[in-house]
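Presented below is the structure to which this report refers.
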Amino acid sequence: MSHRIPLPMNEPSQVSGEFTATAAAGAPVGDDASSPAPHQPLTPAEIEALRDKVVAVLQTCFDPEVPVNIYELGLIYDIDIAADGTVRIRMTLTSPACPVAGSLPAEVQRKVRALPRVTAAQVDLVWDPPWDKSRMTEAAKLQLGIDD
């Protein structure tokens, strides 16, 4: 949607009508200026690099009851990144009664969506298969003092 700005004329002129203001780079000014330009589809290498950034962001999210990030804890079941920049994450929690059940998925979605080249982020909270300690990384088990 373009913003139409009537231009005042101090003297009668042959020019009349409405004009669309644009920014220097050619992007419309106003509502359209905040809309991102269409992106080229991500290449496989860019998808892999973006996946690494998603994982890094997930490592900043914690279940407050456990001093290990949700990625190392094994709460992330799947990360799917489409060529259009849509990121879909399947995750679980340590239990359905987890006190952050309402806030942690929203935090994950917000942090992932903030990454450059991510056009949309969807977080699906799943309970099947149920989480257990076998999903934890060795580093997480070591940090928590869990032996197999």
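Bear in mind that the values in this text are calculations on the coordinates, not laboratory data. Quantities reported herein were computed from a predicted structural model and do not represent experimental measurements. For neighbour counting, all protein chains shown are included, and Cβ atoms are generated from backbone atoms with ideal geometry for every residue, glycine included.
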ask   = Does the range 130-146 include one or more residues that are part of a loop (DSSP other than H, G, I, E, B), out of contact with any Gly (no Cβ under 9 Å at 6 or more places or on another chain), closer than 16 Å to Ile76 by Cα and touching a residue at least 24 places away in the same chain (Cβ under 8 Å)?
value = yes
message = Looking at the range 76-126 only, could you name the residues that are in a loop (DSSP other than H, G, I, E, B) and within 16 Å of the chain's Cα centre (by Cα)?
response = Ala82, Ala83, Asp84, Gly85, Ser103, Ala114, Leu115, Pro116, Arg117, Val118, Thr119
